[in-house]
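Below is one structure, written out as structure tokens; the observations come after it.
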Amino acid sequence: MKILADYHTHTTYSHGKNSVFENATAAKRMGLKEIAITDHGFNHFTYGIKRKYVESIKRDVTKAEDDALRVYFGIEANFTGIDASIDLRKDEIEMFDLIIVGYHKAVTAESFKSTRKFIWRNNISKIFRPSKALVKMNTEIVTKVLRKYPVDIFSHPCLTMKVDMKEVAEVAAEVGTYIELNGKRESMTDEEVEKVLETNAVFIINSDAHSKERIGEVSIPMAQAERVGIPVERIANVGRLPVFKRIKR
């Protein structure tokens, strides 16, 4: 199996080491047909992009695109609260070609209550096993976000923030959100991947590259996909290009 496109990459605008142009050039060398620039969302207090740079990134994306490669302007937004909020205002949605949403530890929540009940509790769950109540709350937050916003990809599910993957996948299938198999690590266990397979949800395999050398590098998720036995037709960017909510081909 080989991916035709990579929809999760970072640049120097956030946590990446290379420019938009360098990422695009690497994608062309890999023979990819499409790439998305998806720098960290605004509330990531360590690496989040600044709103004042949005137009600059869009210009770089336009310049990087040519007949050999389509380049999309995306964002990896963050879950920010117990009220199913993300760090993207509704009036900002149309600025982006596609929207990824994931959980990150270094995020400013929308309230102190969310910091205490959502961020802190999930961050320590890497040390202490998350409670059933926490998993239930996380699952409710994710499913509400998927229904509230036009989320194209749920990035690295269950990394730090544990959810009921079957319940999330059922909603993802309903609203047309892809479940990511992440190129940097196995964020889901094989059992969690199997839970997704019990639904009609579709996977997407991305590199989550933070350098040009890792564009299109997806050996980790490919190995998991083959081990678990994910059918090719259940992976959106293998052998075909995915259908996104706002992108017209």
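Charges at C-beta only: +1 for Lys and Arg, -1 for Asp and Glu. How large is the resulting dipole of region 119-163 about its Cα centre, in Debye rounded to 20? Could you put the intermediate results ahead of the total?
Working: 9 positive and 2 negative charges, 44 e Å.
Dipole size: approximately 200 debye.
In the chain, which helices (entire DSSP H runs) extend 18 Å or more along their own long axis, judged by Cα positions, while averaging at least -0.5 on the Kyte-Doolittle scale?
132-148
For the chain, what is the charge dipole size about the Cα centre, in debye to the nearest 20, if Lys and Arg each add +1 at the Cβ and Asp and Glu each add -1 at the Cβ?
About 620 debye.
I'd like to know which of S111, V218, S85 lies farthest towards the positive end of the charge dipole of the chain, counting +1 on Cβ of Lys and Arg and -1 on Cβ of Asp and Glu.
Of the candidates, S111 comes out farthest on the positive side.
Could you report the chain's accessible area per residue, 1.4 Å probe, as an integer in Å²?
Working: 11070 Å² over 249 residues.
Result: 44 Å² of accessible area for each residue.
Order the following by accessible area, largest value first: Y13, Y103. Probe radius 1.4 Å; ligands, DNA and RNA are ignored.
Y13, Y103
Mind running the shape call on region 122-163? Use the C-alpha gyration tensor, a ≥ b ≥ c as the square roots of the eigenvalues: rounded below 1.5 for a/c, prolate if a/b tops b/c, oblate otherwise.
Since a/c reaches 1.5 but b/c is at least a/b, the shape of region 122-163 is classed as oblate.
Heavy atoms only, probe 1.4 Å: what % of the accessible area of region 101-209 goes to carbon and sulfur, would you let me know? Walk me through the numbers before you get to the answer.
Details: 2410 of 4630 Å².
Here carbon and sulfur together make up 52 percent of the probe-accessible area.
Tell me which trypsin sites (Lys or Arg not before Pro) from region 1-41 have a DSSP coil assignment and no more than 16 other beta carbons within 10 Å of their own.
K2, K17, K33
In terms of modelled amide H atoms, which long-range or inter-chain residues lie less than 5 Å from the amide H of D164?
Amide H neighbours of D164, under 5 Å, 5+ apart: T139.
Out of residues 5 or more away from S207 or on other chains, whose amide H comes under 5 Å of its own, with H placed 1.01 Å from N in the peptide plane?
Placed amide hydrogens put Y7, H8, G183, G216 under 5 Å from S207.
For region 167-249, what class follows from the C-alpha gyration tensor (a ≥ b ≥ c being the square roots of its eigenvalues): rounded when a/c is under 1.5, otherwise prolate if a/b is larger than b/c, else oblate?
oblate
Let me know the shape class of the chain, please: from the alpha-carbon gyration tensor, a ≥ b ≥ c as square roots of the eigenvalues, rounded when a/c is under 1.5, otherwise prolate if a/b is greater than b/c, or oblate.
Values: a/c = 1.67, a/b = 1.19, b/c = 1.40.
The shape class here is oblate.
Return the percentage of antiparallel bridges among DSSP beta bridges fully within the chain, rounded to the nearest 5 %.
Bridges in the chain are about 15 percent antiparallel.
The values are calculated or read from the model by the stated rules, or taken from the named source; none is laboratory data. All of these numbers come straight from a predicted model, not from anything done at the bench. Methodologically, a virtual Cβ is constructed for each residue, glycine included, from the backbone with ideal geometry; neighbour enumeration extends over all protein chains shown. For the accessible areas, the whole protein counts, side chains as well, though only heavy atoms, and no ligand, DNA or RNA atoms are used. Shrake-Rupley method; radii C 1.70, N 1.55, O 1.52, S 1.80 Å.
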